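Inspection log for the structure reproduced underneath, given as structure tokens.
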Amino acid sequence: MRPPCPSVVERVRSLAATATPTMATSADYPGTHFSVRGAVDHAGRTILWIDARHPLHEALRARRHGRADLAVGVDLCAMRHVGRTPTVRARLWCEGWVSVIPAGERREAALAVAESHPDEELLAAVDDDPTPDTPLLARVEPATVIYHTYDAAGVIDGEAFRDARPDPLTGAAEHILRHVNDRHRDELSAALRHLPEAPEGAAWLWELDSAGATLWVNPTGAQHPVLIRIPWSAPVTAPCQLERALYDLLARNQAPAGPGGGVRE
């Protein structure tokens with residue numbers, strides 16, 4: 001029986017919230033791939049920061065009144081460091097329609113982009129009347145999202161993707177996860193000895209949410225890593241509860257194994 005975990009669409013929305021755009025294609029330039037920068041906003045829409053020299057800049061300015069009639073595909077990448085090695089957690093391909101963000105909504109979009117790409121030039125993209133020489137902020141309304149993670153792949157309808165919400169603890173979980181991977185990996189690896197069916201080896205936190213944690217484990221003497229899902233005894237609803245659940249997990253190397261052990265994915 002699979003241990004408690006988010007639904008597929010909730011998991012993918014959570015992954016999208018931590019992902020950044022890397023590349024895009026456009027119906028105006030079939031067969032051409034463009035590098036892009038940006039973020040994913042609270043509604044699951046991809047925000048693109050497009051400078052004046054980018055081919056999409058001219059294509060978007062030519063569409064008056066913010067019409068969303070330009071079809072694009074955007075590659076989103078969510079990363080995780082396993083030790084010092086950057087490792088792809090998920091690749092998402094978002095297909096949809098892109099338009100320039102209305103003036104009253106550009107500041108919020110710029111702040112979302114600034115979290116991963118802090119740059120003073122973002123201020124120019126907030127202007128009410130962008131000129132041919134200033135960058136644009138555009139957003140993609142997803143019609144289809146194709147996802148590929150380390151352990152799953154599939155397609156999600158854009159409406160279902162937009163209606164879903166990421167795990168409410170995603171932001172706090174990322175900060176906690178990075179701290180544990182930086183400072184407490186010895187305790188994490190030692191806790192594996194008290195998880196039924198878990199192999200011995202080096203462990204990292206891979207995903208963290210209100211239902212449980214997923215560990216990335218490099219088994220001793222094995223070539224391929226495995227994912228171990230560890231459910232919490234009850235869903236957590238606040239960052240402090242998430243920290244407590246992790247503390248209990250790390251303390252397992254000092255206590256006998258109990259119920260709720262890990263299950264290999």
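The values are calculated or read from the model by the stated rules, or taken from the named source; none is laboratory data. Computed from a prediction, not measured in an experiment: that's the story for all the values here. Here the Cβ is made from the backbone with ideal geometry for all residues, glycine too, and neighbour counts use every protein chain on show. What goes into the accessible areas is simple: the full protein's heavy atoms, side chains included, and nothing from ligands, DNA or RNA. Shrake-Rupley method; radii C 1.70, N 1.55, O 1.52, S 1.80 Å.
Below is a table of values for the structure above.
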read-out: Förster radius 51 Å - calculated FRET efficiency between D163 and T131, Cβ distance, rounded to 0.05; value: 0.90
read-out: Positive-end residue, the chain charge dipole about Cα centroid, Cβ charges, pick of T237, A211, S189; value: S189
read-out: Space enclosed by the convex hull of the alpha-carbon atoms of the stretch 97-170, per residue, Å³; value: 141
read-out: Size of electric dipole in the chain: Cβ of Lys, Arg +1 and of Asp, Glu -1, about Cα centre, debye, nearest 20; value: 660
read-out: Separation of the A71 and L250 label points, Cα + 7 Å toward Cβ, nm; value: 5.0
read-out: Long-range amide H partners of A202 with built H, under 5 Å; value: N218, T220
read-out: Per-peptide average of other Cβ atoms within 10 Å, ordering 196-205, 152-161, 38-47 highest first; value: 38-47, 196-205, 152-161
read-out: Within the accessible area of the stretch 135-237 (1.4 Å probe), percent carbon and sulfur; value: 50
read-out: Charged-residue dipole, Cβ positions (Lys, Arg, Asp, Glu), the stretch 4-117 about Cα centre, Debye nearest 20; value: 200
read-out: D51-T237 FRET efficiency (beta carbon distance; Förster radius 35 Å; 0.05 resolution); value: 0.25
read-out: Label point distance in nm, M23-H42, each placed 7 Å from Cα along Cα→Cβ; value: 3.3
read-out: Residues of the stretch 92-173: accessible area per residue with a 1.4 Å probe, Å²; value: 52
read-out: Mean Cβ count within 10 Å, highest first, over the residues of peptides 22-34, 132-144; value: 132-144, 22-34
read-out: Convex hull of Cα atoms in the chain, direction-averaged projection (nm²); value: 15.4
read-out: Highest-first arrangement of 234-242, 70-78, where packing means the average Cβ count within 10 Å; value: 70-78, 234-242
read-out: Which of L56, A124, A90, positive extreme of dipole for the stretch 1-132 (C-beta unit charges); value: A90
read-out: Whole-number D in µm²/s for the stretch 22-175 (Stokes-Einstein; Kirkwood sum over Cα pairs; 4 °C, 1.567 mPa s); value: 80
